[in-house]
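To start, the structure itself, in structure tokens.
The values are calculated or read from the model by the stated rules, or taken from the named source; none is laboratory data. The shown structure was predicted, so the numbers you read here are calculated from the model rather than taken from an experiment. As a convention, Cβ positions derive from the backbone with ideal geometry for all residues, glycine included, and neighbour counts pool all protein chains shown. To get the accessible areas, we keep the full protein, side chains included, count just its heavy atoms, and leave off ligands, DNA and RNA. Shrake-Rupley method; radii C 1.70, N 1.55, O 1.52, S 1.80 Å.
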Amino acid sequence: MKLKKSPSDHNPKYPVQTVGKALEIIELLSKEVSKEGLGISELSAKLEMGKSTVHRLLDTLSAYRYVERCPDTTKYRLGWKMFEIGNLIPQQRNLYNIDTRVLQELCTQYGETVNLGVRVDHSVVTISKMSPKTSLIANLQVGAQEPIYATAMGKVLMSEMSKTEVMEILGDRVFQKFTPNTIANIDDLIVELARIRMQGYSIDDEEFVAGLSCISMPVRDFNNEIVAGISVSGPSMRLNFNKIMDIKIGLEKASTKLSTYLGLDQKEEVNLVFEDETIIEGQ
């Protein structure tokens, strides 16, 4: 059975057949987890290519170190060049050189402030921000630190942590009450994180700043781990329930774009497995 030509949704306008065949060989070798590799006859049968074609492609790929011949056999496996190039991808695609147009488009679409933040110890640090000229309340600057338990981004960053991990971060800390709506203790936070994990988004209902509301969603990397939070914030009088639910649609698209940029395969389902106690509603 022949492999799919491309794992992405993109179809090239001017496909080069030889390049496509070479990539199919690489993809097939990547699925061979044993040390033995695959021989020319096996590749020929699986890819429905002539043996001479497979041999020429392997010879070229070997010359560039993308594949290599296994010692003492006639079979082939991936070469170290694949490893070298693969290691460069996370360096080129990281949170600090993302295309900020994703944030700007979200800001323009809803006329509210858009933030991108990461966890640093028990705080959330804003690393990128887009604000409309009319914004009067959401004025925290890039680099500003906010309490992780009192913000939408902070809560979404903790939403898939185990109870043990949450306790390690906040277990011995006093929960400062910034507003009457601020979460007051670790037990209430655990319940809130379970809810966020189930619904896929977090809301800050004037928990850090009176009169300011916010909705946040996670940004994932190629390991399916939450590495950042993206949020939309604004005055509570504008961000009523209906607008927040409208923003949720655009926010989900933006978080998907950023996660895809960081290497997440959106076609794979998210399977959450914890080594220790999992956050469950009511615990």
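Could you tally the net charge around Arg56, taking each other residue with its Cβ under 15 Å from the Cβ of Arg56, Lys/Arg +1 and Asp/Glu -1? Result for the local shell: +1. Summarising the label geometry, the points placed 7 Å from Cα in the beta-carbon direction at Asp187 and Arg69 lie 7.0 nm from one another.
Projected label points at His122 and Glu27, each 7 Å from Cα along the beta carbon direction, are separated by 4.9 nanometres. In the structure shown, the pairs Lys163/Lys243; Lys155/Lys177; Lys163/Lys257 are assessed against 21 Å; a Cα-Cα span above that value is assigned to Lys163/Lys243; Lys163/Lys257.
Candidate cross-link partners of Lys51 among the aspartates and glutamates, defined by an alpha-carbon separation under 16 Å and a same-chain spacing of 8 or more, comprise Glu24, Glu42, Asp59.
Are there GluC sites (Glu not before Pro) in region 205-257 that DSSP marks as loop and that have at most 13 other Cβ atoms within 10 Å, and which are they? Filter output for region 205-257: Glu225.
Measuring only protein heavy atoms, the 1.4 Å probe finds Glu84 accessible over about 80 Å².
Between Met237 and Thr164, the modelled label-to-label distance comes to 4.9 nm, taking each label 7 Å out from Cα in the direction of the beta carbon. Using θ = phi - 60° in the Karplus curve 6.51 cos²θ - 1.76 cosθ + 1.60, the 3J(HN,Hα) couplings for region 175-186 round to 7, 5, 8, 7, 9, x, 8, 5, 4, 9, 7, 5 Hz; x is entered for Gly and Pro. Exposure check, 1.4 Å probe, all protein chains in place: Glu192 carries approximately 40 Å² of accessible surface.
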